[in-house]
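Input: a single structure, listed below in structure tokens.
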Amino acid sequence: MDLRLSEEERRFREEVCAFIDAALDPATRARMESGRLPTKEQWVAWHRTLAARGWSVPDWPKEAGGPGWDPVRRYLFREALQAAPAPQPQQFGTQMVGPVLIAFGTEAQKRRFLPRIVTLEDWWCQGFSEPEAGSDLASLRTTARLEGEHWIVTGQKTWTTLAHWADWMFALVRTDPSAAKPQEGIGFLLIDMRSPGITVRPILTIDGEHEVNEVFLDEVRVPAENMVGDPRRGWDCAKFLLSHERAGQARVGIAKERIRRLKRIAAETRSPRGRLIDDPSFRDRLAAIEVEVKALEITCLRVVAAEATRAGDRAPDPASSLLKIRGSEILQAIATLTLEAAGEGALAAPEAEPDRPSNEVPSVPDWAAMSAPLWMNWRKFSIYGGTNEIQRNIMAKAFLGL
Amino acid sequence: MEFELSEEQRLLEASLRRLLADRYGFDRRKAHARTPEGWSREVWRAFAELGVLALPFAEEEGGLGGSAVETMLVAQALGEALVLEPWLATVVLGGGFLRHGASAELRAAIVPRLAAGEVLLAFAHTERGATADPADVVTTARREDGGWRLNGRKTLVLHGDVADHLVVTARVTGAPGEERGLAAFLVPATASGLARRTLRTNDGRRAAEIVLDDVAVADDCVLGEPGEAFPLIERVVQEAIAALAAEAVGVMTLAHRLTIDYLKTRRQFGRPIGSFQVLQHRATDMLIAIEEARSMAIWAAMSLDEPDAAERRRALSAVKALIGRRGRFVAEMAVQLHGGIGLTMDYAVGHCMARLLAIDALFGNAAHHLARLADGGGLIRAA
Ligand SMILES: Cc1cc2nc3c(=O)[nH]c(=O)nc-3n(C[C@H](O)[C@H](O)[C@H](O)COP(=O)(O)OP(=O)(O)OC[C@H]3O[C@@H](n4cnc5c(N)ncnc54)[C@H](O)[C@@H]3O)c2cc1C
């Protein structure tokens with residue numbers, strides 16, 4: 001067993017880091033460092049920079065337009081982006097609908113959609129959740145009935161991340177309400193967001209951001225050719241998608257980047273015991289988190305290594321639940337430590353955005369003003385993509401036989 | 001030992017709660033929050049009529065002579081409705097300086113108008129980059145004929161955007177962090193040389209940054225003893241901590257109530273999510289946390305008249321440390337048990353979370369007070 005990187009893998013990582021350093025726009029980096037989402041323009045520009053280098057779809061095989069990397073390289077690449085910090089290739093296309101199309105799509109669907117994902121010609125959003133179908137996704141009610149050459153879709157999706165930026169949505173829709181089990185009779189449908197009958201309404205989150213939306217579908221006509229796979233077996237696509245990306249769930253690179261940054265901040269921050277970085281209690285707590293990050297990283301590498309030796313097998317792996325649970329909890333613990341470091345500054349709302357400077361010198365440094373909004377925003381990590389309770393249920397069933 | 005409320009206390013609490021139930025539903029609150037000031041003058045007048053603003057002041061000065069226990073009851077009720085109005089800034093902080101530090105003439109000039117809802121106060125104390133140590137003040141007060149000149153910059157002055165008078169802390173002598181050499185002044189917001197800029201807070205309220213450029217203050221606006229104002233400042237901050245502890249109990253109670261309702265009504269997998277045992281245990285842990293917080297809020301109110309300053313300081317640090325941590329825990333659980341809806345601006349649970357974080361941040365967060373308590377020997381003496 002050797003979890004150290006080979007000489008080649010190390011060189012690969014250096015190459016990636018050097019590229020990111022040279023190519024990443026400083027304003028994008030500053031915005032990412034501040035903890036904010038990049039703007040759409042920044043995200044598209046960066047995605048295309050990666051595309052020009054052949055790196056915008058790191059998980060895809062060569063035949064589909066990807067670099068054909070093994071799991072270790074994919075992991076290293078993702079972590080390098082997180083460490084910069086740079087935006088990931090837009091995930092709804094590259095990590096969700098793209099792999100589903102590669103696995104389940106027709107040749108025509110692949111030819112039509114995959115190249116536009118590579119270059120982010122199309123921004124995708126994920127239309128799974130509904131008001132009454134969150135954890136219990138299979139109870140979804142949005143219906144699609146076939147009329148000639150079209151599916152007529154009616155219903156409501158919610159929590160749809162960045163739907164207001166999206167050109168397309170991949171959605172789960174009920175094609176056969178009379179199916180024996182709720183998971184049966186669901187289709188995986190590709191919907192043009194410009195279709196008549198679609199209304200996108202913003203949901204503001206408590207940190208003041210507009211990240212998620214409600215999407216209303218009223219008799220939306222979708223060409224029948226946009227159904228992926230068997231219209232009654234879309235659940236297979238959904239399951240494949242939700243557990244497709246394993247090691248990425250852990251977000252180890254983000255945790256490391258946040259800790260590096262927190263250390264820099266703590267060296268410049270006063271506490272009643274002198275500099276915060278010298279405060280023994282702060283140091284102990286930070287070290288404890290660093291230990292947990294290391295344990296998560298090694299666990300991640302074990303999963304990645306196992307994946308590498310099991311090439312071709314893309315069955316869902318309950319280990320992804322473990323990585324997601326610990327990844328979310330660790331990031332939330334880092335957010336708490338940052339919040340505490342901010343002290344009373346955590347009270348102030350951010351005044352200016354780092355890539356859009358204002359004339360006023362803010363009363364509180366941006367990192368401190370962002371500490372509470374980020375703390376609140378990051379609660380989402382234990383909710384979306386299957387809550388941590390649901391992840392534990394999955395593990396109890398898969399590993400414990402309970 | 002006496003934990004029961006008197007008849008009078010019960011009445012006050014009941015009428016305030018009735019007022020809030022009638023006038024401060026979450027939709028009304030949203031409308032108040034959207035106004036430029038972020039709160040409602042009309043509600044403020046209703047508080048005045050009810051006596052909420054007069055409560056802690058002496059009866060002979062136009063107050064109702066309420067004790068720390070009454071303040072606790074009010075704070076808890078305000079917390080449970082997520083009230084946005086500047087009660088803490090005006091009554092507890094500003095009012096605290098009037099009660100403990102103002103001359104009889106100054107009190108006579110302000111208290112009746114404050115009680116009537118006509119005067120708003122704010123506490124201009126925090127400075128950029130300062131720690132939560134109340135003596136960490138750089139702003140200076142220079143003696144001149146018949147008065148003082150103030151120079152410096154204050155920030156995160158809660159409701160400083162609307163206050164008519166500001167309680168400004170400043171240093172007459174000594175270095176930042178030294179308890180000797182501090183002074184406090186009541187400064188009209190219109191004083192020449194005083195500039196303010198509105199800030200927003202992460203819990204949707206307003207504050208101000210205040211620049212003092214050679215602001216002249218007359219001797220009759222001095223609060224406490226110039227150079228010896230630290231005990232006064234500390235006392236008022238401790239009263240604010242006690243009020244915040246009670247408010248936090250109210251906010252946590254609301255978050256918990258909403259969560260329990262949600263567990264009973266939200267259905268997934270064909271049954272109420274409250275039927276999942278893991279969620280029942282989480283909701284029970286929230287209840288335990290709230291009862292701990294309630295005990296500490298009561299202890300805070302009782303400790304305010306502890307004569308030994310070191311003892312009192314330790315008690316209030318212990319209270320603030322527990323409130324901060326349990327508040328965060330209850331916020332986390334309330335949001336987690338709600339799923340996505342808990343994170344939205346349109347629903348009250350997220351606002352409970354934002355307020356609980358703000359309460360932790362104010363006047364020293366949990367980490368700050370734990371450090372102070374530990375460095376001061378803790379609560380229990382070594383054997
Ligand atoms: C910021 C954000 C972005 C999102 N982006 C998207 C998106 O782009 N596309 C999309 O389709 N969805 C998205 N979601 C939706 C997300 O996947 C759901 O919020 C999530 O699945 C939980 O569903 P819910 O919010 O309805 O909570 P519920 O399912 O109602 O859960 C409420 C509580 O009950 C618990 N619970 C439920 N069932 C069980 C059980 N069997 N055992 C124990 N506990 C249980 C949950 O863990 C939770 O604590 C997003 C959500 C957020 C917050």
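Observations
- GNM result for chain A, Cα springs below 10 Å: residue of A:GLU351, A:GLU214, A:GLU297 fluctuating most strongly: A:GLU351
- 3J(HN,Hα) from dihedral phi, the stretch A:344-352, Karplus parametrisation 6.51/-1.76/1.60, rounded to Hz, x for glycine, proline: 5, x, 5, 6, 6, 6, x, 9, 9
- A dipole drawn for the stretch B:231-375 from +1 and -1 charges on Cβ atoms has a positive end, and of B:LEU232, B:ALA361, B:ILE260 the residue lying farthest that way is B:ILE260.
- Distance in nm between pseudo-label sites at A:ARG285 and B:ARG18 (7 Å out along the Cβ direction from Cα): 4.5 nm
- Chain B, relative contact order [Cα under 8 Å, separation at least 6], %: 15 percent
- Theoretical ellipticity at 222 nm over chain B - DSSP helices of four or more residues, -39500 (n - 2.57) apiece, nearest 500: -16000 deg cm²/dmol
- Burial here means at least 30 square angstrom less accessible surface with every protein chain in place than with the chain by itself, probed at 1.4 Å; in the stretch A:368-384 the buried residues are A:TRP375, A:MET376, A:ARG379, A:ILE383.
- Averaged per residue, chain A has 43 square angstrom of accessible surface, using a 1.4 angstrom probe with ligands and nucleic acids left out.
- Heavy-atom accessible surface of the protein assembly as shown: percent carbon and sulfur, 1.4 Å: 53 percent
- Whole-Hz couplings from phi, Karplus 6.51/-1.76/1.60, listed for the stretch B:260-271; x for Gly and Pro: 4, 4, 5, 4, 7, 9, 6, 10, 9, 6, x, 8
- Net dipole in debye of the stretch A:313-389 [+1 Lys, Arg Cβ; -1 Asp, Glu Cβ; about Cα centre; nearest 20]: 320 debye
- Around the Cα centre of the stretch B:7-119, unit charges on the Cβ atoms of Lys, Arg, Asp and Glu (plus for the first two, minus for the last two) sum to a dipole of about 480 debye.
- Acute angle (nearest 10 degrees) that the helix A:40-53 long axis makes with the longest principal axis of chain A, alpha-carbon atoms: 80 degrees
- Amide H contacts of A:ASN213 (H built 1.01 Å from N, under 5 Å, at least 5 apart or other chain): A:TRP159, A:THR160, A:THR161, A:LEU162, A:ALA163, A:ILE203
- Measuring r between the beta carbons of A:ARG116 and A:ALA396 and using R0 = 41 Å, the FRET efficiency lands at 0.50.
- Around the Cα centre of the protein assembly as shown, unit charges on the Cβ atoms of Lys, Arg, Asp and Glu (plus for the first two, minus for the last two) sum to a dipole of about 2240 debye.
- The residues of the stretch B:231-375 have, on average, 34 Å² of accessible surface per residue, using a 1.4 Å probe with all protein chains present.
- ³J(HN,Hα), Karplus 6.51/-1.76/1.60, whole Hz, each residue of the stretch B:366-373, x for Gly, Pro: 4, 5, 4, 6, 5, 4, 5, 5
- Nearest 10 degrees, 0 to 90: helix B:277-303 Cα axis against chain B principal axis: 30 degrees
- For a modelled paramagnetic label at B:GLU60, 7 Å from Cα along Cα-to-Cβ, the residues of the stretch B:75-111 in reach, with backbone nitrogen under 13 Å, are B:104-105, B:108.
- Between B and A, accessible area buried - total, square angstrom, nearest 100, 1.4 angstrom probe: 4000 Å²
The values are calculated or read from the model by the stated rules, or taken from the named source; none is laboratory data. All figures in this text were calculated on a predicted structure; none of them were measured in a lab. Reconstructed Cβ throughout: ideal geometry from the backbone, glycine too, with neighbour counts over all protein chains shown. Note: areas computed on protein heavy atoms with side chains; ligands, DNA, RNA excluded. Shrake-Rupley method; radii C 1.70, N 1.55, O 1.52, S 1.80 Å.
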